[in-house]
1. Are any of the residues in region 478-495 out of contact with any strand residue (DSSP E or B) (no Cβ under 6 Å at 6 or more places or on another chain), at pLDDT below 90, in a loop (DSSP other than H, G, I, E, B) and open to solvent by less than 60 Å² (accessible area, probe 1.4 Å)?
2. Return the residue satisfying two criteria in turn: it lies in region 463-476 and is in contact with a strand residue (DSSP E or B) (Cβ under 6 Å, 6 or more places away or on another chain) and either without any contact (Cβ under 8 Å) to a residue 24 or more places away in the chain or part of a strand (DSSP E or B) (or both), and of such residues it is farthest from G518 (Cα to Cα).
3. Which one of G218, G185, G249, G166 is open to solvent by 10 Å² or more (accessible area, probe 1.4 Å) and at pLDDT below 95?
4. What is the one condition in (1) small (G, A, S); (2) in contact with a strand residue (DSSP E or B) (Cβ under 7 Å, 6 or more places away or on another chain); (3) at pLDDT 95 or above that G12 does not satisfy?
5. Restricting attention to region 188-215, which residues are among the hydroxyl-bearing types (S, T, Y), under 29 Å from the mean Cα position of the chain (by Cα) and surrounded by fewer than 18 Cβ atoms within 10 Å (Cβ to Cβ)?
6. Looking at W51, W39, can you tell me which residue is aromatic (F, W, Y), surrounded by 14 or more Cβ atoms within 10 Å (Cβ to Cβ) and not in a helix (DSSP H, G or I)?
7. Quick check, is L374 more than 22 Å from the chain's Cα centre (by Cα) and part of a loop (DSSP other than H, G, I, E, B)?
8. Is there any pair with a first residue in region 191-208 that is at positive phi and a second that is at pLDDT below 80 and open to solvent by 70 Å² or more (accessible area, probe 1.4 Å) whose Cβ atoms are under 9 Å apart and which are 6 or more apart or on different chains, and what are they?
Amino acid sequence: MTQPVNREETAGTDAFRSARDFLLAHRDDYATAYAGFRWPELDRFNWATDWFDRLALEQPGTTALWMVEEDGSEQRVSFADMADRSRRVAGWLADQGVEQGDRVLLVLGNCVPLWESMLACIRMGAVMIPATTQLSPADVEDRVGRGHARAVIAHAADAGKFAAVGADCLRISVGGAVDGWLDYGSSAAWGDDAAPTAWAGDAATSADDPLLLYFTSGTTAEPKLVEHTHASYPVGHLSTMYWIGLQPGDVHLNISSPGWAKHAWSCVFAPWNAGATVLIYNYSRFDGGALLEVMRRCEVSTFCAPPTVWRMLVQQDLNQHQLGLREVVGAGEPLNPEVIERVRQAWGLTIRDGFGQTETTAQIGNPPAQPLKLGSMGRALPGYVVSLVDPRTGEVGTDGEICLELARRPLGLMTGYRDDSARTDEATRGGFYHTGDMASVDDEGYITYVGRADDVFKASDYRISPFELESVLVEHPAVAEAAVVPAPDPMRLAVPKAYVVLAEGVQPSAELAGEILGYAREHLAPYKRIRKLEFSAAEDGGLPKTISGKIRRVELRTAEQQDRSAHEYTEDTEDTAG
């Protein structure tokens, strides 16, 4: 084992601990927490060395990460062992040529090396680019290129996706040897001998140094690259810790896939800010009964899940699963009242809603022990000043776009969109950060979500950009034009539906619909799968448009909410068409 660094508490550690302890002390007193909380003022700060390593010294034997597999096998890693492992990975990466400021693309599912690699990147000052394993080869090439990745750490099974990536990108495989790739397993032995090493020790990082880059969907262009710092996400998630109601010693389970911001929210920073155990249940196919049994056996105390999971869970007889839960929360989209009521009746617990973005930490929420209002996602969380701005007049009122005052800039807000000053300027115009989400607020500060101001939508809790899906559809030779909107779905809330205008001379048919759906399936990541299709006749005007020629997806969305078309083709069409 590498030797732990027995540091004195730094000024950054002290400031962070003070802010964290204030929120823990007032977890049931929202008024005091909101009025009295101040973001810590930080100069030099490194969350891995200034905070996580302190936890490793104070509670070395406490489980930091608990991995439970579908077959019942499990692995527990203590805070002390996680600190040691991440230190070895950092040293090993340095020996391979990774330096402070270099960007590292992480394409890993839920496995211990993901957490080791994240902590290693933090302590050495490398910039992480977390990404989902569902990326296609084209997505991977885009992430490496626009992200300027110096290295990639990926599962051996996904190595083939990187065939088109340039040789200047260092490739590291997890879970098996791959020709031309370094074996991540070699990092375990780093530091066991006195061989010369490039590792000069943990990096001295400034709080405003870049730490994370997240690709997130846009409405009319390629995915944006959101930049966070050594303070904005690690420290910014004190607001998320408060909203969830996390406490030291909790066992916290969050259902989220790696590569998405919510995974970092509730599987890394928020629980470890509290000194809680992160529990991960790895399953290939969702089984509500199996999940509930894991929650019972592992004595989960706090649980966060997207609405899709909650809707599937309540199909179980919850009365037969009496758990030791203290806090339950949902995020990603508004949750159906009937689901909330069924959980309340079975467990005596109320699912508390919350709101945030990849660009921020938790901004709005219903914290523990506070009155809830039906349909409201709560009030502004400590550290956030939320204003509803009228998109036309710019005035602050009771209805409008959810915005954050830049004069009282929250620590959890991104630096901006990397290498895209125009988008950053647009998002921060008029003295506010604009979320693009619409809401209303009552006289007690309770905010109710209305909807997106643009066309991005959620399907199975994944953000979907119509532009990305439409770009693939128009590549098909039979497609002249396409628009993608959400179609209601009882389980997923919504699924992507395509309205297609065919090329001149091409006739619509079930066979052609199946062919187009199959083409989209082959060229899109699974979570972007188009599940419904309807042909729009050019002679009938094609797709609805503005006077300037822009597609009016709002008209298509409205039609979808009102009635299902008799001319709609679904995934079954694809299967039938072969």
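The values are calculated or read from the model by the stated rules, or taken from the named source; none is laboratory data. The structure displayed is predicted, hence computed values, not measured ones. So basically every Cβ, Gly included, is an ideal-geometry build from the backbone, and we count neighbours across all protein chains shown. Keep in mind that these areas ignore ligands, DNA and RNA; they rest on the heavy atoms of the full protein, side chains included. Shrake-Rupley method; radii C 1.70, N 1.55, O 1.52, S 1.80 Å.
1. Checking region 478-495: at least one residue is out of contact with any strand residue (DSSP E or B) (no Cβ under 6 Å at 6 or more places or on another chain), at pLDDT below 90, in a loop (DSSP other than H, G, I, E, B) and open to solvent by less than 60 Å² (accessible area, probe 1.4 Å).
2. So, considering only residues that are in contact with a strand residue (DSSP E or B) (Cβ under 6 Å, 6 or more places away or on another chain) and either without any contact (Cβ under 8 Å) to a residue 24 or more places away in the chain or part of a strand (DSSP E or B) (or both), the one farthest from G518 (Cα to Cα) is I464.
3. G166
4. Among (1) small (G, A, S); (2) in contact with a strand residue (DSSP E or B) (Cβ under 7 Å, 6 or more places away or on another chain); (3) at pLDDT 95 or above, G12 violates only (3).
5. Passing the criteria: only S206.
6. Working: W51 fails: not in a helix (DSSP H, G or I).
That would be W39, the only listed residue that is aromatic (F, W, Y), surrounded by 14 or more Cβ atoms within 10 Å (Cβ to Cβ) and not in a helix (DSSP H, G or I).
7. Judged against the criteria, L374 is a match.
8. G191/M1; G191/Q3
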